[in-house]
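Peer 1: Quick one: this structure, given as structure tokens, is what I'll be asking you about.
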Amino acid sequence: MIKAFVLIVVDPAKTVDVYNQLRTVDGISEVYQVMGPYDIVAVVEVANLTDVPAVISRHIRAVQGIESTTTCVTFPESNS
């Protein structure tokens, strides 16, 4: 399994809507509202590294209200 942390900046008026939409996305195992330079952290868990970009571009960045994302992909051997 590949795990990636997606750090998301959201339009403040849409934070709850974005959070709720992300909770329903296949490939996202956890979603947190956080304080700091980012508004939401989504944990993506997929079978292959090549699946990460699809989840981000098709399912995360497509959500209205998201202004930017930063993705941190873990090393596969650190997930065991």
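Please treat every number below as a calculation from the coordinates, not as lab data. None of the values given here were measured: they were computed from a predicted structure. Note that each Cβ is placed from the backbone with ideal geometry, even for glycine, and that neighbours are counted across all protein chains shown.
Peer 1: Shape of the chain from its Cα gyration tensor (a ≥ b ≥ c, root eigenvalues): rounded if a/c is under 1.5, otherwise prolate when a/b > b/c, or oblate?
Peer 2: Values: a/c = 2.10, a/b = 1.69, b/c = 1.24.
Judged from the Cα gyration tensor, the chain comes out prolate (a/c at least 1.5, a/b above b/c).
Peer 1: Excluding Pro12 itself, what net charge comes from residues whose Cβ is under 14 Å from its Cβ, given Lys and Arg +1 and Asp and Glu -1?
Peer 2: On the way: positive: Lys14; negative: Asp11, Asp17, Asp39, Glu67.
Taking every Cβ under 14 Å from that of Pro12, the sum is -3.
Peer 1: Net charge around Arg23, counting only other residues with Cβ within less than 13 Å of its Cβ (Lys, Arg = +1; Asp, Glu = -1)? Intermediate values should be presented prior to the final figure.
Peer 2: Details: positive: none; negative: Asp17, Asp26, Glu30.
Computed value for this residue: -3.
Peer 1: Now, a different point. Given a cut-off of under 8 Å on Cα pairs at least six residues apart, what relative contact order in percent is computed for the range 1-46? Spell out each step's value before the answer.
Peer 2: On the way: 76 pairs, mean separation 23.9, N = 46.
Dividing the mean separation by the residue count of the range 1-46 yields 52 percent.
Peer 1: Extending each Cα 7 Å along its Cβ direction at Thr24 and Phe75, get the distance between those two points in nm, one decimal.
Peer 2: 3.9 nm
Peer 1: I would also like to ask the following. In deg cm²/dmol, rounded to 500, what helix-only [θ] at 222 nm does the chain give when every DSSP H run of at least 4 residues adds -39500 (n - 2.57) and the total is split over its residues? Intermediate values should be presented prior to the final figure.
Peer 2: Values: 1 runs with 8 residues, N = 80.
Rounded to the nearest 500, it is -2500 deg cm²/dmol.
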